[in-house]
Each structure stands twice: as structure tokens, then as C-alpha cells.
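Since the structure comes first, as C-alpha cells, the remarks are kept for the end.
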Amino acid sequence: MMNVYVFRNGCKFRWTGRKRRAAFHVVLGLLLLPVTGQMDPGMGLDLNGDGISDVWASLYQAALLAPDHDPDLDGLTTMQESGTGTHPQLNSSVLKNQLLHLPEGLHLRHDTVVGKLYQLETSADLLEWLPAGDPFEGVGQPRDVPLPQATTQLLYRIRVYDQDRDQDGLTAYEEHLLGSSDDDATSTGASSESDYGRAFRLFSSPGVFDLNGQTVQGKLPTLAEASRFYQQAGLGATYTELEQLTQTGIPAWIDTQFSLPPTLHVPVNNQLTVYESENGEEPFPHSPYVWTWWFVSMNAQDQLRQRVAFALSEILVISQITDELEDHNWGIATYYDLLVTHAFGNYRDLLHDVATSPAMGNYLSHAKNMPANPALNRFPDENFAREIMQLFSIGLYELEQNGTRKQDDQGNPIATYTNKDIENFANVFTGLTYNPAPPTNGTPWFGEDDWTPILNEDDFIGADSQWMGLPMAGYDPLHTSGVKKLLRGAETNGNLEQDLTAAIDNLFQHPNTGPFIGRRLIQRLVTSNPSPAYVYRVAEAFRDNGQGVRGDMKAVIRAVLLDPEARNGSVQHQTDHGKLREPLLRHVHLARAFRMRAAQTPLRMDNFDGAQAYAMQPMGAPSVFNFYLPDHQPAGELREAGLVGPEFQITTSTTTIKTLNFLSGAIAWDGLITNDEELAGNDEILTDYQAELQLVEADNLPGLVERLNLLLTRGQMSSSTRQILEQTLQQAVLAEIEPDDLVRFAVTLIASSPDFAVLR
Amino acid sequence: MNRRQFLGQLSCAAVTATPVLSTILNLQMTNAAVQAQHTEEDYKALVCFFFAGGNDSFNMVVPSGLDEYTQYAQTRSNMALAQNTLLNLNGIHQGRNFGLHPGMTGLQQLFNTGKAAIVSNVGTLVEPVTLSRFESGQAKLPQGLFSHADQIMHWQTSVPDQRAALGWGGRLADLLHPDNQASGISMNISLSGTNRFQTGAQSVSYEIEPRGNGAITLAPYLNGEEPILASLGQTAIHSMMDAEYSNLFQKSFARKNRDALGAAQTFSTAVAGKTIQTVFSANDISQSFHMIARTIAARQELGLKRQTFFVLFGGFDHHDELLKSHGAMMPVVSQALTEFDAAMTELGVHDKVTTFTASDFARTLTSNGKGTDHAWGSNQIVMGGAVKGGQFYGSYPELALGSNLDTGRGRLIPTLSTDEYFAELARWFGVADADLGNVFPNLDRFFTIGSGAPIGFMKS
């Protein structure tokens, strides 16, 4: 980002002047330094990853110029001119300068470009350069810079660099050309779209747009770019879906996704129940929720919503792996629909509905939570009060807006709450019970002064809807009265609904919530180790969607997906970028890419559950801490580099090989991952391998590998993987393996590769 | 000493990461000395039995004398176990009688025959803490006190003033591994996936399954129906895992797969021939201990003279259904320990294998109506032929509310640190006193290193 340019002409010249006080020499040199001019990957719009701003390249139609050539022979390469903001093919477009003898002293008159920053630097030895005076803004015309007096020979140069005052990912130079402001990240006023998001929309949508008087054609994503995006934003695409994405562009796809009606899980769950009953199998509640999840994930059009809901299910965790919830798939589906519904809503509403969800009330045991009775040494359950703070909103330590921890004067992290705060919040979460109250006599689901429930859940087995379908109800006589202290000096002293509202608002409004939730969403969708600047941009979108709304999930999702660190082409080459994909999502991706489905009994999804292999199941985390911790550091390369890799926590000596075996079986046997012949014989699994088969039948192995590369490894397949694949498949062809088997074998090998496992 | 001076000292002492790493060479020299002094078979194993979620260990070990029980019952309210159900532990300890949870008949036998002991009120500590310093905010406390993830981390690293990456089992392995890896299998073996306890600077854990032959091997493609594809597939997958990747996630993923593929056959073969006569229960926990016993039986094939094992038993977060659910889990613990103890006798390594329990924390002494909440100091079990069994160690606390250890609701300040608890085990395992402070950087805040055993529950 700190690119160095020396003011122009190719040779240095000496000037000797006189001053009233003392004679001195100034050597003004043009020192052509080994300057790359390359952009910082996290700053500016650089979708093709060539290190040159796409805005500059479009303005000067420089996309096809070689970065290290100097076609206009003005002394600066194309790459360098992209840094100075000058025309690469116009010799006169350079930053000219001249020395001026003004009455107040010697000045350098220097051309400037709007948006760029300039810094005069001096050196006595060409080795060490020190700034002289303050940096100054480019204004589009020459500026006169006073040269400091010197008693010895000094060299001067001017450093030109970019700035991003509003930290929205676009440089001030780009924003000037795009007509947005560098003092406001959402300056164009479009709801839930940052200035970077708007620039991305212009540059990557079909059609033309005006860029400072220049008509520019939008550049649609390549298949590789579409594939990479879809792995971040969806559950897995077919080749046709990727081709469609290259026609519509990413912004329009997101708009469409935002407008699609949600695919809810409860109706599917109900269908499954009916299906099972009709087929004479063990009826509800024994069909696991995992079938429902798979059916929706395979068939839903609202892929972005389902993808975000799944991410939320790994943040606001409940699990069916408990004695009580394992039999309540309906309650789990109802909870999941909260996530689906609010995925494009507001985080505050999500937090509120999670707090009053009966499944959550059961999982974190604040349902039927009673006020303190000190005489009996009984106090409110602290479970939910703790985890809503630690895991669902603010976390343990105070955060800067960029997600880094604040420190006290001893350098220690600052706790966001004490156990006293938890006790206060536990008082808030008293008086909630399942809804509706038992119909018998209208009394709530716990006795007045009795800790024994009048009824318990067992009375409702088989009738989940009686208590898992509606939000928990408040019962004020069993809500703790009096003042409850909240965080940051707030307090509440109301009935249950008032206290709940105050407590949820208290957490929602806490400055930590944006960076805390933002970082987790980035980790789920894009990369395990986002930079502070990336977290900041997402936290800002959480704080204000551009129209004064806090917690707008659409703005947050756009910010996560349309960020320089997600979209600029060069990030994928950074060794610390990306994430190990959740093994479950790798599996869904394969199933969706080839449209695996049962011919006769499409609702049956039992053969898709890979939990035993890869230690992961939808809504099946071992605890509220999810399958892995967000800061898990696996031994080896990542830890040594100071990086986290959450998903590696379930990547063990045995899950690695079990996952290889499982996915291999799922592909080789068309989704039937069981060796149970009876089950395998039940139905035929349909798959779509026609295009791949045609390539095999045409003896086009490289074509097959390239198609699978685009479909599965985002066009990023490493040369070694490609070589291994082509050689292996060639040998298989020589062995006269049937095309049907050959295609599946190729898919299996790619599914085993590190290229497929890691999204980068 | 004023507060500023005090904190200043702490912050100096708290800088531990570098000293721990820099002493590994030093420790390796000690290791040579350890090896030299053994004439009989030189083998020792430490088994960490971790109760995730926070075991309510004040319902695992209960004072049973009339006065103490009355106090217990009053404090615990509807979470108290009935006095007449408690299983008597022989002897008077710290002036009191104690009983075990009624589901732990096996452990009762182990204790009463001197094969197991109880360590009382142990927990994560950065420094000794008094109630007044806790309440005034002066006490230096573990990061993330009362939080599951943080306390699990601290129990596994024993460096609770940091978010330390390395566990103390891993630090031991860094020290001992060089003489100890003939087969290429790590000395740190986990039955419960990756964990911090066994993560060292150089050493990693090797994760196995409770059943089968422990390791999983790569299945032939199409179950071998096309033999050529099976063999081509094996070769191709190995080649992809052997290849170089510049992206660190790909590199890490490939290495983990490569290591797993490389070790699977060796491990399975070593364990395949080992059978244990002792009958183990069918549940995952007992089966995990069964697999540990088989792995210990294969110690010579695996070329390991020192091993650590890690078994995690989850589901102890009993905010709800404490009596029922905890009541169902205590027998599983007791049974697994009993079966494992018998198996160690069968293998003739009873005095060479020490099992110890750990957990995030104990739980509030008071009830929330349905269960109990997160607390701090806890009671733990140590078991094996090298343990001076039938005894209580540390100081079992008064259970009256408002005691000088009660930070509220019966969240008790620990009176033994995990450092002291683990240092006792590490000394037995072979770490010299001179090196203890390097393995447990905060140990000297609780105990004068060189003054003998920190607690005294191990025989040597």
C-alpha cells in the first residue's frame, strides 16, 4: 500500500542556491527505485488479482497492458502509473514537478491526483528516507511543497500512496472516480450495500456503466470465480448453475437470493413424518432431523439463505444430541426455521427469538427457570445467561471494532462481564415456560411455589407441537422482581417481557456484538483468519446498514461476501487465506453437484448421514461450543504461523481416513453409503454424470479433469493434483474401466484432494 | 507490597511461553538420566480421564458423617444425595467420614483396597487466592473463569493466565519422545479426538477409535470390485497427500492425512493380536479403556516406553436433570476404572500405569432448581498401583455457604492448583525436580520446588 514513486524525469540534477542564512546544497534526484506499484490485496477493487486497481484500469482501458512495460515511455511502468493515477499510454500524463524560488523559500511544485496522498521524504544517503512535513492530499492540480532548509546535501523524493479513510475497502482515488465518498463507507445511501459492494456491482454485472465520463463494460465472473463464490455462498452448485451465475453476475444472484421466499424445514419434517407412517415405519418422533436438513439442502432454491442459516446453526448452537431433544426433531426443525427466517432479517430479532425458543429453553435449561429462593439455597439457572453472552453476542473480552481484543494497562484482556452479571441476567431469564400452558387448569407449567413441575415433558411425547411449536411464554408471577443490573451501567426493573427486551437490547447494542458475530460469520463462509480490516468492515455493516439500521443481516452478509478479502482475485494466492471446509458441506457439495437423489422415495435421505465418518451432523454438535472452537489452532503449520483452523479440531487420525472412505463409498455407490444390501436394494439413486460421461467417451481426459476442476476445486486445482489425476485416469483407461466407473473414480479422487477440502 | 508492585511481579512471572520452550533441551538431558536408573522394564503411562462439561464432584465424593452430611444436605437442597445411599469409604479423613456416589461401587472397592485416592478441591489457579482478594478484584484469576471452553483449556495446559497453545502432556512428550518413537506412532494417544492436553511443540497426538483395531485404514475403491481401481486409488491418494502445497490449510490437511495413512497399518497390526481377558462393558467409555489396555499390551511393538492416553467423557454440564443424568454417568466412570484396573493387573503393569481424572470445574453447591451451575474447585480421582490409595489428599472443603472459600452460591475457591496436582504426576512420570518449574511455569507460586512431592499421593 505504501508505494514509492519518485517525481519524474530520468536523471538527477544539481541545484545550487543561496540563502540568507547559510549556503547549502540540495540535490534533487529522481531515483528509479524497484517499485512495483502493486496494490495491497485488502485495499481497492482488484477482482482479477493483477495488483492493479480495476477502476484505474477501466478508466484508462489498461486491462490488456503488460504491468511492467512503459508503453508511453514516460519513465513509469503501467503498474507504477496505476499507483500514481496517471495515464499509461499518454506520455504527457505524468506527475510533473519544478523547483520554485518563492519569497518564503524553496518550493517544489508537484502535480497531484485527487484521492492520492503525497509525502515529501528526504535522505542523505539514499538508504534511509525520512518524511519531511505532513502528507498532503491530491487536489487534481499542482501543489507547492516547501522544502526544508538543510545544511548538508539532501535528496528529496515524493512518495505517492493510496488511502482509505472510511475503511470500506475502496481507495479515495477509486471513490472519487466512482462518485462515492471516502468519508462514508455507505455514501451512496443504498440500503445494505457498502461503497465497495456498489463498485463490485458495477464492475461485475452485465451491461455498461459510466466511470467519470468513460463508458465501461461490466465483467461477468468466470466459471472459476463463480465456482469459488458459490462455495462461499451456497451449499454446492451444478455445472449448469455455475454457468447461470456467469450470465447473471454475483450481485444479481445475491439480489435474487434475498428476494426468494424461505424454504422452511418444519413442513418437510411433517412430510417425512407422514411418509414414514404411510410406509409402516416407526413414526414420528424417531425420524432424525438430519433427513429433513438433507432434503431441504438438496432441493431448496434459496441457497444463500440456507447457507447462512447453517452458519448460524454453528454459532447459536442447539443440538439434538441430548436425551431430551433427540426425540424432538419437530422442535429442532422449528428452531432451525428461526435461523432460516432471520438469516435475512435483523440480528436483534434473531437473538430475541432464540432466547424464547422452546428448543433453546430446553437445551440451555432456562425453560422453567425459577426465581431465587435463598431460604432453600436455590438460585436461577445461569446456563443460558452465560452462553447468550459468551457465545451468541459479545464474547468474553472487550473488542475493538476490528475484532482485536482491547487491553488494560497491564496488557491483559478486559472481561466483558463478571459472574455477578451472569447472576443478574439469570434473573432476567426466569419465568419462561413452554407454551401453551397445559390446558388442564390454565396454570403455568411449573407450580406456584413448588419446584416440581405440575406436568413434565413426558406428558407431551408424541405431541411435540404442544410445546415445541410456539415461543416460550412468560409467566410474571414466577419472574424475578426487582432491579436486574445489565451491562455497561444499564439496568431493568420490569415484568418478564420488559426485562427480556431490555436485556436483549443491552447485548444487541453492545459494541462487541458486531465484530464478534461478524468474525464468526466470516469464518463460516469465507476464511478462518480474516484481517482486522475485514472484521471492521463487517462490523461496520452490522453497526449501520447505511440507513441507520443496526444488525441488518442482509448488510452483514453482503459485507462478508463482497469484501476485498473475499472477492479480490489475489487473496486466493495468499498462503494464509481460506478455510478447511466443513466435511458435511463438502459432502453436500458433491451430492448437489451431481444431483444425487432417490428415484422412488425422494424424501428418504437416511443414506446421506456421514456423522460416523466425519464427526459432524446438522444440529448434532457435541455441545453448545459447536463441533470446534473458533480459535482452535491445529498442531503444525497453522499454529506455527499463528493462525487458527477451527475445522481441524475434528480432523483426526481416524476421521481423515473415515472421511476418505465414506465419500469414496458415497460416490462409487451413488450415494448409497451403506453396505446394507437390503437398504441399498430399496431404491435406485439417480445421478447426473452425462456431461462427464460424454467427455470420457470422447477420450477427452484433460477435458474431464478441467470440468471437474471448475465444478469442484474452483478452477484452482494444483498442478500436482492435475498431474496425478491425469496419469491415474490414463492408467484406468488402459485397463478398460467402464466410463461409468471411470467418472466416479475421477470424482472420488478429487473429493479426496486437499484442493477440494480447502476453500481458498 | 502495594498493588502495583504485586501486579508488576505477576506480570513478570506470567511470561512463560519462551521459558517453557527453551528448556526442552534441558529436559531431554534429564530424560537420559531417567532412562538410566531403571533396571526392570522401563515403562510408564498416564491416562487422563476428562469429564467434559463440569463434573458435579461434590456429589461424587460426599461427607457422610452426621454433622457434615447435614451441612451438605442443607447447602445442596434438592440436589443432595440421600445419606443412606452413599457408599462408605473406609477410614477417617481430615477428621471426617466420606461416602461415594451410590453408582460407584467399583470405585468404592478400589479406594477401600488402596488402589485409588481422592484429591480434593483442586482447580485452575494463577496464584493462591483468598476470598477477600477475590472479592476486591485484586486476585489474579484464570482467564475465562467459569467458562467451559476456557477452563477445559486451562486444565489441559495448566497455564491459566494465558491462552496457551500447548498442553502439559504435549510438553512431556516433547521431552520424552526422542527416545520413544521407534515405530513412528506418537506416545500421545487419544481415544477422543484432538485435544490440547496432548499437543506439544514438536509432538502431536495420534487419535484412535475405541473399537476394532483402533486405527482406520484406507478402504479399497469400490470395495475392491475393480482391483485395478483399488490400487490406482491408493497410490493416487497417497501421492496427493505427499504433494507440496503452498496454502497452509492445504498443507496442514495433506499432512494430517499423510500421517494418518502412514500410521494406520502399523498401529492396527500392533494392536490386532492383543486380547485382554478382563471383560469390559460395551459402552464407549469402557471400550475406550479396553483399547488403551490393548495399546499398552502392544507397547513393545509400538516401541513406546512412555505413553499418555486421553479419554473424554462428555455431557457433565448438568444445569438440568442433575440427579438423574449424573446418576447415570457415575456408574459408567466407576465401571470403566474398575475394568481398567483389573486389565492392568492382568498385563502386569499395575504399578506402571496411573489414571487421573480432570474436569472443567465442579458445580455450584447450591441448586438452580433442576441442576447446578458452573463453579471452580473440584474433587478428582487418581488410580493405579503407584498411587498411595485409600486416602484423601488436599483439603476437602467445608460445604456451608458463606465459608471463607465461597465466592457465592457455593462456587468454591480451589485450595490445590492443577500445577501441584499434575506436577505430582509428572514427577512420577520421570521429570526431575529441577525441570518441574519449566513444565509447570506457575508451580513455584504454590509449592517450593525441591521440597519433595507437591501433594504426596504417588509412591515415588
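Give me the residue from the range A:144-181 that is within 30 Å of A:Asp195 (Cα to Cα) and part of a strand (DSSP E or B) and, out of that set, nearest to the chain's Cα centre (by Cα).
Filtering first and then ranking leaves A:Tyr161.
Conditions tested, residue by residue: (1) away from chain A (no Cβ under 14 Å); (2) surrounded by fewer than 24 Cβ atoms within 10 Å (Cβ to Cβ).
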residue	(1), (2)
B:Asp341	yes, no
B:Glu346	yes, yes
B:Lys352	yes, yes
B:Ala375	no, no
B:Ser378	yes, no
B:Gly385	yes, yes
B:Gly390	yes, yes
B:Asn404	yes, yes
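Consider A:Leu711 carefully, then state whether it is at pLDDT 95 or above and more than 12 Å from every other protein chain (Cβ to nearest Cβ).
Criteria met by A:Leu711.
Regarding B:Asp317, is this residue open to solvent by 30 Å² or more (accessible area, probe 1.4 Å), outside any helix (DSSP H, G or I) and facing chain A (nearest Cβ under 9 Å)?
yes
Collect the residues in the range A:603-653 that are in a helix (DSSP H, G or I), more than 10 Å from chain B (Cβ to nearest Cβ) and without any contact (Cβ under 8 Å) to a residue 60 or more places away in the chain, keeping them in residue-number order.
A:Gln612, A:Tyr614 - these are the residues of the range A:603-653 that are in a helix (DSSP H, G or I), more than 10 Å from chain B (Cβ to nearest Cβ) and without any contact (Cβ under 8 Å) to a residue 60 or more places away in the chain.
Looking only at residues that are of a type in the set (A, V, I, L, M, F, W, C) and more than 19 Å from B:Leu141 (Cα to Cα) in the range A:422-440, which one is most open to solvent (accessible area, probe 1.4 Å)?
Only one residue fits best here, namely A:Ala437.
When you go through (1) in the same structural domain as A:Leu64 (by TED's automatic domain parsing); (2) under 28 Å from A:Phe542 (Cβ atoms) one by one for A:Ala150, which number turns out not to apply?
Looking at each condition in turn, A:Ala150 falls short on (2).
When you scan the range A:268-288, do you find a residue that is open to solvent by 50 Å² or more (accessible area, probe 1.4 Å), of a type in the set (Asp, Glu), part of a helix (DSSP H, G or I) and at pLDDT 80 or above, even just one?
No, the conditions are met nowhere in the range A:268-288.
Would you mind stating whether A:Lys96 is among the charged types (D, E, K, R) and either in contact with a Lys or Arg (Cβ under 8 Å, 6 or more places away or on another chain) or outside the structural domain of A:Arg143 (by TED's automatic domain parsing) (or both)?
Criteria met by A:Lys96.
If I filter the range B:165-176 for residues that are at the interface with chain A (Cβ under 9 Å from one of its Cβ atoms), at pLDDT 95 or above and open to solvent by 20 Å² or more (accessible area, probe 1.4 Å), do I get at least one hit?
no
Can you tell me which of (1) within 37 Å of the chain's Cα centre (by Cα); (2) small (Gly, Ala, Ser); (3) surrounded by fewer than 22 Cβ atoms within 10 Å (Cβ to Cβ) is the one A:Ala132 doesn't meet?
(1)
Out of the range B:428-455, which residues are touching a Pro at 6+ places or on another chain (Cβ under 8 Å), open to solvent by 20 Å² or more (accessible area, probe 1.4 Å) and assigned to a helix (DSSP H, G or I)?
If the condition is that a residue be touching a Pro at 6+ places or on another chain (Cβ under 8 Å), open to solvent by 20 Å² or more (accessible area, probe 1.4 Å) and assigned to a helix (DSSP H, G or I), then B:Asn438, B:Arg445 are the ones that fit.
Scan the range B:146-155 for residues that are touching a helix residue (DSSP H, G or I) at 6+ places or on another chain (Cβ under 8 Å) and either farther than 28 Å from B:His319 by Cα or open to solvent by less than 10 Å² (accessible area, probe 1.4 Å) (or both) and jot them down.
Those that are touching a helix residue (DSSP H, G or I) at 6+ places or on another chain (Cβ under 8 Å) and either farther than 28 Å from B:His319 by Cα or open to solvent by less than 10 Å² (accessible area, probe 1.4 Å) (or both): B:Ser147, B:His154, B:Trp155.
List the residue pairs whose Cβ atoms are under 7 Å apart, where the first residue sits in the range A:724-743 and is more than 10 Å from chain B (Cβ to nearest Cβ) and touching a residue at least 12 places away in the same chain (Cβ under 8 Å), the second is open to solvent by 60 Å² or more (accessible area, probe 1.4 Å) and not hydrophobic (A, V, I, L, M, F, W, C), and the two are 6 or more positions apart or on different chains.
So the pair list comes out as A:Glu726/A:Pro702; A:Pro739/A:Glu697.
Which residues, taken from the range A:744-759, are within 7 Å of another protein chain (Cβ to nearest Cβ), farther than 12 Å from A:Met717 by Cβ and of a type outside the set (Val, Ile, Thr)?
A:Phe745, A:Ser752, A:Ala757
If you go through the range B:406-421 one residue at a time, do you hit one that is open to solvent by 10 Å² or more (accessible area, probe 1.4 Å), closer than 14 Å to B:Val126 by Cα and not hydrophobic (A, V, I, L, M, F, W, C)?
Let us first name the residues in the range B:406-421 that are open to solvent by 10 Å² or more (accessible area, probe 1.4 Å), namely B:406-409, B:415-416, B:420.
Subsequent filtering for residues that are closer than 14 Å to B:Val126 by Cα retains B:415-416, B:420.
Retained after the next criterion (residues that are not hydrophobic (A, V, I, L, M, F, W, C)): B:415, B:420.
Yes - at least one qualifying residue is present in the range B:406-421.
Quick one: in the range B:135-150, of everything that is within 12 Å of another protein chain (Cβ to nearest Cβ) and polar (S, T, N, Q), which residue is farthest from the chain's Cα centre (by Cα)?
B:Gln143
So, in the range A:654-670, of the ones that are under 28 Å from A:Gly578 (Cβ atoms) and more than 8 Å from every other protein chain (Cβ to nearest Cβ), which residue ends up modelled with the highest pLDDT?
A:Thr659
What residue, of A:Ala503, A:Ala539, is assigned by TED's automatic domain parsing to the domain that holds A:Phe392, under 28 Å from A:Asp421 (Cα atoms) and buried (at least 24 other Cβ atoms within 10 Å of the Cβ)?
Answer to the check: A:Ala503.
List the helices (runs of 4 or more DSSP H) that sit entirely inside the range B:63-138 and contain at least 3 residues that are open to solvent by less than 30 Å² (accessible area, probe 1.4 Å) and out of contact with any helix residue (DSSP H, G or I) (no Cβ under 7 Å at 6 or more places or on another chain).
On the way: elements: B:66-76, B:105-112, B:131-135.
Result: B:66-76.
Which count do you get for residues in the range A:367-386 that are farther than 13 Å from B:Thr75 by Cβ and either of a type in the set (S, T, N, Q) or out of contact with any Asp or Glu (no Cβ under 6 Å at 6 or more places or on another chain) (or both)?
13
So which residues in the range B:270-286 are within 16 Å of B:Glu207 (Cα to Cα) and either touching a Phe, Trp or Tyr at 6+ places or on another chain (Cβ under 9 Å) or surrounded by fewer than 18 Cβ atoms within 10 Å (Cβ to Cβ) (or both)?
Of the residues in the range B:270-286, the ones within 16 Å of B:Glu207 (Cα to Cα) are B:270-271, B:284-285.
Within the range B:270-286, B:Asp284, B:Ile285 meet the criteria.
I'd like to check which helices (runs of 4 or more DSSP H) are fully inside the range A:342-421 and have at least 3 residues that are at negative phi and open to solvent by 30 Å² or more (accessible area, probe 1.4 Å).
Per the criteria, A:347-355.
With the requirement that a residue be open to solvent by 10 Å² or more (accessible area, probe 1.4 Å) and of a type in the set (S, T, N, Q), what does the range A:558-603 give you?
A:Ser570, A:Gln572, A:Gln574, A:Thr575, A:Gln600, A:Thr601
Which count do you get for residues in the range B:217-274 that are at positive phi and more than 9 Å from every other protein chain (Cβ to nearest Cβ)?
1
The values are calculated or read from the model by the stated rules, or taken from the named source; none is laboratory data. No experiment lies behind these values; they were computed from the predicted model shown. Positions of Cβ are generated from backbone atoms using ideal geometry, with glycine treated the same way; all protein chains shown enter the neighbour counts. To get the accessible areas, we keep the full protein, side chains included, count just its heavy atoms, and leave off ligands, DNA and RNA. Shrake-Rupley method; radii C 1.70, N 1.55, O 1.52, S 1.80 Å.
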